[in-house]
Amino acid sequence: MQIDVLSLFPGMFAGPLTESILQRAQEKGCLSVHLHDLRDWALGTYKQVDDKPYGGGAGMLLRVDVLVAAIESVQEGAIPHRILFSPRGKVLTQERVEELAAMDRLLLVCGHYEGVDQRVIDGGWIDEEISIGQYVLTGGELPAMVLIDAVARQIPDVLGKEESAEQESFSKALNRKKEYPHYTRPEEFRGIRVPDVLLSGHHEEIEKWRRHHLL
């Protein structure tokens, strides 16, 4: 899968993309992430990307001419699925993550300041608006990192057998419920024991216990 990211602050992605599973996914060739600095399409001597909203109000908006030029340039003719991160978008779910992971290419547009000119959306340059929760963040960079991480886990061969995403919280295998509790050694710690059934070796009873403890 290829993921392109349009951002005013592409440097924010350095840590998440160069560690752990996301790093391994790229090294395996399962995932390709391309970061694009929105200022490369900025206007004029002062490299303007934003302006005051018509009608007044606090904050600045990303300009439609800057964003559209950037989106069309990154698309390079083959239109990806284009996502804008916005508090007005649908809240991201595991089910939607799985659907996005089945696509060949995504373009993630990270808003900033007070938001973006509505014409970017109304004009058809955005296919979907996504939110990661009912709260406000400074920009779309953190939501983009969340989506990249969640989607990467669903790409075949990214996770090893021990890290399989098949029976994680909210997965289809668990009926979209939260996962059961987990335990490891030692068997007892400060008077708190691992449930006996998990030590029994009786796989049918263990599976029954796990299903019972799904939330």
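Worth a mention:
- If you filter the stretch 198-215 down to residues that are touching a helix residue (DSSP H, G or I) at 6+ places or on another chain (Cβ under 8 Å) and of a type in the set (A, V, I, L, M), you find that the one that is surrounded by the fewest Cβ atoms within 10 Å (Cβ to Cβ) is LEU214.
- Whichever residue in the stretch 147-201 is at pLDDT below 95 and among the acidic types (Asp, Glu) and, among such residues, is farthest from ASP4 (Cα to Cα): GLU179
For every residue, the table says whether it meets (1) touching an Asp or Glu at 6+ places or on another chain (Cβ under 6 Å); (2) over 29 Å from ALA58 (Cβ atoms); (3) outside the structural domain of ASP37 (by TED's automatic domain parsing); (4) in a strand (DSSP E or B).
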| residue | (1), (2), (3), (4) |
| --- | --- |
| ARG96 | no, yes, no, no |
| VAL120 | no, no, no, no |
| GLU129 | no, no, no, yes |
| ALA144 | no, no, no, no |
| VAL151 | no, yes, no, no |
| ASP157 | no, yes, no, no |
| VAL197 | yes, yes, yes, no |
| GLY201 | no, yes, yes, no |
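- Residues being basic (Lys, Arg) and within 11 Å of TRP41 (Cα to Cα) - total across the stretch 52-81: 1
- Residues located in the stretch 49-78, provided they are surrounded by 14 or more Cβ atoms within 10 Å (Cβ to Cβ) and not in a helix (DSSP H, G or I): VAL49, ASP50, ASP51, PRO53, MET60, LEU61, LEU62, ARG63
- Flag if ALA144 is in contact (Cβ under 8 Å) with a residue 24 or more places away in the chain, of a type outside the set (Asp, Glu), crowded, with 18+ Cβ neighbours inside 10 Å and more than 30 Å from PRO53 (Cβ to Cβ): no
- Long-range neighbours under 6 Å by Cβ, at least six apart or interchain, first residue in the same structural domain as GLY11 (by TED's automatic domain parsing) and touching a residue at least 40 places away in the same chain (Cβ under 8 Å) within the stretch 35-56, second of a type in the set (Gly, Ala, Ser) and part of a loop (DSSP other than H, G, I, E, B): VAL49/ALA42
- Identity of the residue in the stretch 174-195, of a type in the set (A, V, I, L, M) and either in a loop (DSSP other than H, G, I, E, B) or more than 30 Å from the chain's Cα centre (by Cα) (or both), that ends up surrounded by the most Cβ atoms within 10 Å (Cβ to Cβ): VAL194
- Pick from the stretch 1-43, criterion closer than 20 Å to ASP157 by Cβ and acidic (Asp, Glu), ranking: farthest from the chain's Cα centre (by Cα): GLU27
- Taking every residue in the stretch 7-29 that is closer than 19 Å to ILE83 by Cα and pairing it with any residue that is surrounded by fewer than 19 Cβ atoms within 10 Å (Cβ to Cβ) and among the basic types (Lys, Arg), at least 6 positions away or on another chain, the pairs with Cβ-Cβ distances below 7 Å are LEU8/ARG39.
- In the stretch 15-34, the residues that are surrounded by 19 or more Cβ atoms within 10 Å (Cβ to Cβ) and either outside the structural domain of ARG105 (by TED's automatic domain parsing) or outside any helix (DSSP H, G or I) (or both): LEU31, VAL33
- Of all residues in the stretch 98-118, exactly one satisfies the criterion of being among the hydrophobic types (A, V, I, L, M, F, W, C), within 18 Å of VAL49 (Cβ to Cβ) and not in a strand (DSSP E or B), namely CYS110.
- Inter-residue pairs, beta-carbon under 6 Å, first within 15 Å of GLY140 (Cβ to Cβ) and in the stretch 88-106, second in a loop (DSSP other than H, G, I, E, B), 6+ apart: LEU92/ILE132; LEU106/PRO80
- Filter result (among the β-branched types (Val, Ile, Thr), closer than 20 Å to VAL66 by Cα and either at pLDDT below 95 or within 13 Å of the chain's Cα centre (by Cα) (or both)) within the stretch 87-146: VAL109, THR138
The values are calculated or read from the model by the stated rules, or taken from the named source; none is laboratory data. Here the structure is a predicted model, which means the values were calculated and not measured. A quick note on method: Cβ atoms are made from the backbone with ideal geometry, for glycine too, and the neighbour counts reach across all protein chains shown.
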